Amino acid sequence: MAERGGWFAAVFVLGSEVAERMAFTTFATSFVSYLMDVMHKSPLEASTIITVFFGVCGTTPLLGGFLADAYLGRYATIAIFSIVHLLGLILLAAGAVVAPLSPRICKHDAEQCLDEKATAFQMGYLYVSLLIVAIGFGGIKSNIVVFGADQFDRGNPSDKKNLGMFFSSLYMTLDLGFVLALTIVVYIQVQFGWNWGLTTLAIAMAAGNALFFAGTPFYKQKRPSGSPVTRLLQVIVSAYRKRKLELPQDVNLLYEVPGRMSAIPGNLTCPRSSRFLDKAAVKIGLDHEVEGSWTLCTVTQVEELKAMIRLLPICATTMLLMSTVVVLLNYSTVQALMMDRSLSKSIQVPAPSVPFLSSVFVMIAIPFYELVYVPAMQKLTGNPRGTTHLQRIGIGLFLSTLTMIVAGFVEHKRAESKRARFSAFLLTIQFSMYGLASIFGTIGLIELFYSQAPEGMRCFGSSLLPFTAAIGSFLASALNSIVGSSTNWLHQSWQWHLDYYYWLLACLNAVNFALFLVCARFYTYKEEQDKERDGETC
């Protein structure tokens, strides 16, 4: 079957992702209100449920990436899990619409139904619905980036440039979903209730799925290359069995399979690092030269494991980048409630919608980045993308530190002023700064995980980003608990010292940035010799 792909196919992928981002943003910014107002949960209980939900959302992409790389392929995985995701949203919407599935909604006199807690059945239904949403999210999130990037040929210089623009376009698309969630969905939820708010998400996801399936004739698809986890384990087992052997001086004597004969796409070279693992590719008399052996592995298999190991320190030093946005989203809503949110005498912006202006700023900044910053840096550095992946991530981490410093000063000034005199829209400063940090940091991570993960493990490698975000969310929750129990910074919003908390995060981000610089200094980019294989695309 002839190859297709290109920007025309990528547009279908980008468009379908808007709906998924709308749902995720709603859970991140507003769903805590649903748990408190509809399910009658305390703030602590609601926060715990959301934290666990995001933790599950961070681990399910590992499953989705594994299934895509090993068995299903990227297209089939996205297709199946998109339907699962839609099913979860439909169940959530039904829970808000069908009376027996949720308690009474407290609209006017909250005291009359304050004691009407959700039953075990109602909470069980909610948990199952959220679990299905999280499973669907995992299958989409681990594959959508790689599948979209598959539409471009990395061996083509023109497509290689388009690939970088695709990653930026993807982030801008995610930001569009963020804006729609904070404006249209919040408006519907406030004006008509959560039943219509959640129904809107289900309708949007159905439209996104239809758009994704409409692009099917134009997609370039790649076949799965076998279980990546099995290949990694084979290297570890084989290297341990041969731990007493001497490595040959000539790395060309190590076992490798020629490109067209290999089941693993992409030949990787053998740099002189982690040489112990190279013993898995040492040939001895009893070895059978068959891929998939637990006694003999190819150099490419060995280098796949090395490539994934090299990414782990980068993951560890970017978790605070994810923690920062969790903290900003959690506390900015409370800050906005204590500030002036009026656009006019008759129009007041809902507190969860305050960050939407910063998202509009980011959507404008991304084209500026691609059209102005990248060409200017190309002339200075000679790099096709202006800066390396690690340099972009480093800039993002530095801006994240500045973001928390500025957020602390904004909160400090808010605490000193009266509510009517201090505009909530000043919070867009810190969100815009974090948006810039994400343009560099998050997009840099997406590009790094895509380019540095072995070709046969790209979906599994892409799942590291949401997994890192989940750990960052747990870190933010743990930090909240530690600071809340040991200080009075986060007690009683009118008397708290959120500015101190933000500055503490700035200090932690600064230390983390220094650790990242050390990890980046010793990071070695993988070298790949792309091998042509018949039937690589289908």
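The criterion of being surrounded by 24 or more Cβ atoms within 10 Å (Cβ to Cβ), of a type outside the set (Val, Ile, Thr), within 26 Å of residue 135 (Cα to Cα) and under 17 Å from the mean Cα position of the chain (by Cα) holds for residue 460.
In the stretch 417-432, what residues are in a helix (DSSP H, G or I) and modelled with pLDDT under 75?
419, 420, 421
When residue 52 is tested against the conditions (1) without any contact (Cβ under 8 Å) to a residue 12 or more places away in the chain; (2) over 15 Å from residue 138 (Cα atoms), the lone failure is (2). If the condition is being crowded, with 22+ Cβ neighbours inside 10 Å and more than 16 Å from residue 362 (Cβ to Cβ), then the stretch 386-400 contributes 389, 393, 397. Here the condition is being under 25 Å from residue 459 (Cα atoms), β-branched (Val, Ile, Thr), in contact (Cβ under 8 Å) with a residue 24 or more places away in the chain and part of a helix (DSSP H, G or I); of 179, 185, 229, it holds for 229 alone.
Is it the case, given these coordinates, that residue 384 is outside the structural domain of residue 54 (by TED's automatic domain parsing), in contact (Cβ under 8 Å) with a residue 12 or more places away in the chain and not small (Gly, Ala, Ser)? Outline the logic, then answer.
Working: outside the structural domain of residue 54 (by TED's automatic domain parsing): yes; in contact (Cβ under 8 Å) with a residue 12 or more places away in the chain: yes; not small (Gly, Ala, Ser): yes.
Here the answer is yes, as residue 384 does meet what is asked.
Any residue at all in the stretch 134-157 that is surrounded by fewer than 21 Cβ atoms within 10 Å (Cβ to Cβ), at pLDDT 90 or above and not assigned by TED's automatic domain parsing to the domain that holds residue 455?
Yes, there is a match, as at least one residue in the stretch 134-157 is surrounded by fewer than 21 Cβ atoms within 10 Å (Cβ to Cβ), at pLDDT 90 or above and not assigned by TED's automatic domain parsing to the domain that holds residue 455.
Residues that are of a type in the set (D, E, K, R), within 15 Å of residue 41 (Cα to Cα) and either out of contact with any Lys or Arg (no Cβ under 9 Å at 6 or more places or on another chain) or at pLDDT 80 or above (or both) within the stretch 108-133 comprise 111, 115, listed in sequence order. When the test is whether a residue is assigned to a helix (DSSP H, G or I) and closer than 30 Å to residue 146 by Cα, residue 70 passes it. Looking at this structure, is residue 379 assigned to a loop (DSSP other than H, G, I, E, B) and either of a type in the set (Asp, Glu) or surrounded by fewer than 17 Cβ atoms within 10 Å (Cβ to Cβ) (or both)? So residue 379 does not fit the description; no. Applying the set (1) buried (at least 21 other Cβ atoms within 10 Å of the Cβ); (2) assigned to a helix (DSSP H, G or I) to residue 91 leaves exactly one unmet item: (1).
Here the stretch 258-284 is the region considered, the condition is being modelled with pLDDT of 70 or more and part of a loop (DSSP other than H, G, I, E, B), and the residue that is surrounded by the fewest Cβ atoms within 10 Å (Cβ to Cβ) is 284. Taken over the stretch 342-368, the criterion of being over 21 Å from residue 436 (Cβ atoms) and surrounded by 17 or more Cβ atoms within 10 Å (Cβ to Cβ) is satisfied by 349, 350, 351, 352.
Among the residues making up the stretch 74-93, those that are under 24 Å from residue 220 (Cα atoms) and not small (Gly, Ala, Ser) are 74, 75, 77, 78, 80, 81, 83, 84, 85.
Scanning the stretch 380-398 for residues that are over 10 Å from residue 444 (Cβ atoms) and in contact with a Ser or Thr (Cβ under 9 Å, 6 or more places away or on another chain) turns up just one, 381.
Residues that are surrounded by fewer than 21 Cβ atoms within 10 Å (Cβ to Cβ) and among the polar types (S, T, N, Q) were ranked within the stretch 429-451; the one that is nearest to residue 58 (Cα to Cα) is 451. Scanning the stretch 48-88 for residues that are surrounded by 20 or more Cβ atoms within 10 Å (Cβ to Cβ) and small (Gly, Ala, Ser) yields 58, 64, 65, 68, 70, 73, 82, 88.
Say whether the condition of being surrounded by 14 or more Cβ atoms within 10 Å (Cβ to Cβ), of a type in the set (S, T, N, Q), part of a loop (DSSP other than H, G, I, E, B) and at pLDDT below 85 is met by at least one residue in the stretch 483-500. Yes, some residue in the stretch 483-500 is surrounded by 14 or more Cβ atoms within 10 Å (Cβ to Cβ), of a type in the set (S, T, N, Q), part of a loop (DSSP other than H, G, I, E, B) and at pLDDT below 85. Do you know which residues across the stretch 1-47 are surrounded by fewer than 19 Cβ atoms within 10 Å (Cβ to Cβ) and without any contact (Cβ under 8 Å) to a residue 40 or more places away in the chain? Result: 2, 36, 42, 43, 44, 45. On inspection, residue 455 qualifies as within 22 Å of residue 151 (Cβ to Cβ), buried (at least 22 other Cβ atoms within 10 Å of the Cβ) and either assigned by TED's automatic domain parsing to the domain that holds residue 504 or not polar (S, T, N, Q) (or both).
The values are calculated or read from the model by the stated rules, or taken from the named source; none is laboratory data. None of these values were measured; they are calculated from a predicted model. Because the Cβ atoms are built from the backbone with ideal geometry, glycine has one as well, and the counts that use them run over all protein chains shown.
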